[in-house]
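Here is the structure we will look at, set down as structure tokens.
The values are calculated or read from the model by the stated rules, or taken from the named source; none is laboratory data. Since the structure is predicted, the reported quantities are computational estimates derived from the model, not experimental observations. Ligands, DNA and RNA are excluded from the accessible area calculation, which covers all protein heavy atoms including side chains. Shrake-Rupley method; radii C 1.70, N 1.55, O 1.52, S 1.80 Å.
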Amino acid sequence: MGKEEVLKQIAEKILGSRRTVVFVGAGLSTESGIPDFRSPGGIWTRFDPEEFTYQNFLASERAREKYWQLGREIYALIKSALPNAAHLAIAEMEKMGLLDCLITQNIDGLHFKAGNSPERVIEIHGTVMYVLCLTCAKRYERDEIEARLAAGEKVPRCNDCGGLLKPATVAFGQPMPERETAEAFRRAAAAELFICIGSSLVVHPAAQLPVVAKDNGAFLAIINRDATTCDAIADIVYRGLAGPTMEKIMEHVREMRS
Ligand code: NAD
């Protein structure tokens, strides 16, 4: 089958499915200028992931200071980023009533800038847009804490209880958010069509989601620039960039629907 035919087949599947779950990773946002983790130039080719674990964050003031330094760099990049064609395509799927939910490993909030509604998006690795107190769970707007950091604080603490503040993202070694994780696995198991975009599918337990979907009878499509760990079990594997690929798929969806 030619590449265009494959895109048409994905479009047909989207139109024919009653429950489509889209599952995305860092590759969805590289075209918005946010590097992924593992590609050349990615975040972990410049920083040592071993240093930025949750356990280190809890263990020492120096580790927390470095965590916030890296966090500020990532947040500045994310804040100025705009959604790309892939984010817009997924938002269009929602508007057309073709999206059961979007499960995202991304922490950049670009889905909301693109127009997806919070009820349809499950952020399983958290978000940079908020900061949480690890003791009393008080939630702060990220910009409020950024202002404190810009004013010279190195390791911010909770105004109410003095507990440690941490970006509301899931660090290596940190437990996943229970409600979001359970919901993601429930939706994956119920999916008729499960589309993975821009993820190497190596980070667990998230990488288990396509397997759960497939085991429960979903049609599994993978769109990614490089090979993924689930290619062997997928019904369709499409090698391409997320933006132009999703743009084409939505063109076919619109054409087929009209
Ligand atoms: P990953 O870095 O392991 O994999 C990214 C995949 O995307 C790679 O296989 C790469 O080939 C592919 N890719 C890169 N650019 C692409 C493009 N334009 N089109 C199609 N494919 C492209 O990322 P992951 O699987 O999401 O797992 C790593 C973790 O990184 C996740 O937990 C996520 O939370 C975190 N992360 C998030 C962001 C973000 O929020 N934007 C950025 C970096 C890392």
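At-a-glance table
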{"quantity": "Length-normalised contact order for region 70-222 - Cα pairs under 8 Å, 6+ apart - percent", "calculated": "17 percent"}
{"quantity": "Solvent-accessible area of residue 233 with every protein chain in place, 1.4 Å probe, in Å² to the nearest 10", "calculated": "70 Å²"}
{"quantity": "Solvent exposure of region 59-210 as accessible area per residue, Å², 1.4 Å probe", "calculated": "43 Å²"}
{"quantity": "The chain: antiparallel DSSP beta bridges as a percent of all, rounded to 5", "calculated": "25 percent"}
{"quantity": "Region 54-159, relative contact order [Cα under 8 Å, separation at least 6], %", "calculated": "21 percent"}
{"quantity": "Pairs of lysine residues in the chain - Cα separation under 19 Å, sequence separation of 8 or more or cross-chain", "calculated": "14"}
{"quantity": "Relative contact order (%) - region 1-111, alpha-carbon pairs under 8 angstrom, separation at least six", "calculated": "40 percent"}
{"quantity": "Heavy atoms of residue 247: accessible area, 1.4 Å probe, square angstrom to 10", "calculated": "100 Å²"}
{"quantity": "Potential extension, residue 186-residue 151 segment - 0.36 nm per residue separation minus Cα distance", "calculated": "8.3 nm"}
{"quantity": "Accessible surface, 1.4 Å probe, highest first, among residues 241, 193, 134", "calculated": "241, 134, 193"}
{"quantity": "Exposure rank, largest accessible area first [214, 166, 113; 1.4 Å]", "calculated": "113, 214, 166"}
{"quantity": "In Å², nearest 10: area of residue 136 left accessible to a 1.4 Å probe", "calculated": "60 Å²"}
{"quantity": "Of all accessible heavy-atom area on the chain, the percent that carbon and sulfur account for (1.4 Å)", "calculated": "53 percent"}
